[in-house]
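The values are calculated or read from the model by the stated rules, or taken from the named source; none is laboratory data. Bear in mind the structure is a predicted one, so any value in this text is a computation, not a measurement. Neighbour counts are summed over all protein chains in view; Cβ atoms, including those assigned to glycine, are modelled from backbone coordinates with ideal geometry.
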Amino acid sequence: MPESSIQTVLVLGAGTMGNGIAQVCAMAGYHVTLHDPQPEAVKRALSTIRGNLDKGVERGKVTADARDTALANLRDVAHVDEAASDADLVIEAVPERMEIKTSIFSQLDRSAPPHAILATNTSSLSVSRIAAATARPDRVIGLHFFNPVHIMKLLEVVRGRETSAETVDAGLEFARRIGKEPIVVTDTPGFASSRLGVILGLEAMRMVEQGVASPQDIDKAMELGYNHPMGPLKLTDLVGLDVRLGIADYLHGELGGDQYRAPELLRSMVAEGKLGKKSGQGFYDWTQEGR
């Protein structure tokens, strides 16, 4: 299916990633359906999208007409089968648990049209294992977005063992239409970005444990010394410490090596509910104004 045939996009999951994906797709002119089993999550997501677009208008980066058109391109549907019935592309953005994703893809395989491409936004789990839950593994692909979706330019296009060349090409064209710079990676644990990024984040945490420097100074070292736009610990706070822990444990189980072993500091912070920005406290205090 060429990308030009994609008109309708279904985004499953209305959390941070899901609402960002829905926003960029709507801004690119796609008809977007946003579904979440929790209706309140969809309401929050639509409010967040409107807020982002309003800020874009205020800053002169988005025209009022473009904002209004994007908002008109968005709708929410209560039942996933109904939402998937006319989708050309489905992008799943649910929690990073294999059993949840395979269950959803099995359901999508029954409810989405035969021509539809089924994509997962997983940052580290096996696309091939997710695809195996369907009868169309050639039409399953990884589309790994980065947070915040409407700002970050990278889109990691992950080719599963049975993903067809046509599906990869459609994924690349889709990425460019929504204004992203795509890279293609094979389906290996952590792909390219998470495999490298998690190592940097975990080592930064070990440095905090060992008293090498404060989180702020470790981040500043990478921002000013290596020109990273954001340090690894602040980025961990944005991603979520619980999410980072889950990815680290998965990569350690799949790849081994001490570099993927989660530091005790990370485990204790998650156990204490210090999950980063979403909880108000992580390596930084996000309750303070201006953070």
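The table that follows gives values for the structure above.
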{"quantity": "Boolean, T186 is closer than 30 Å to D169 by Cα, at pLDDT 95 or above and not basic (K, R)", "calculated": "yes"}
{"quantity": "Scan of region 14-41 for residues that are β-branched (V, I, T) and modelled with pLDDT under 95, ordered by number", "calculated": "T16"}
{"quantity": "Those helices (runs of 4 or more DSSP H) lying entirely in region 225-291 with at least 3 residues over 19 Å from the mean Cα position of the chain (by Cα) and in contact (Cβ under 8 Å) with a residue 40 or more places away in the chain", "calculated": "264-271"}
{"quantity": "Test set (1) farther than 18 Å from I104 by Cα; (2) at pLDDT 95 or above; (3) in contact with a strand residue (DSSP E or B) (Cβ under 9 Å, 6 or more places away or on another chain) - M1 fails condition number", "calculated": "(2)"}
{"quantity": "Among (1) more than 30 Å from R139 (Cα to Cα); (2) without any contact (Cβ under 8 Å) to a residue 12 or more places away in the chain; (3) hydrophobic (A, V, I, L, M, F, W, C), the one test that A72 misses", "calculated": "(1)"}
{"quantity": "Condition met for A41 (surrounded by 21 or more Cβ atoms within 10 Å (Cβ to Cβ) and either in the same structural domain as Q107 (by the TED database) or within 16 Å of the chain's Cα centre (by Cα) (or both))", "calculated": "no"}
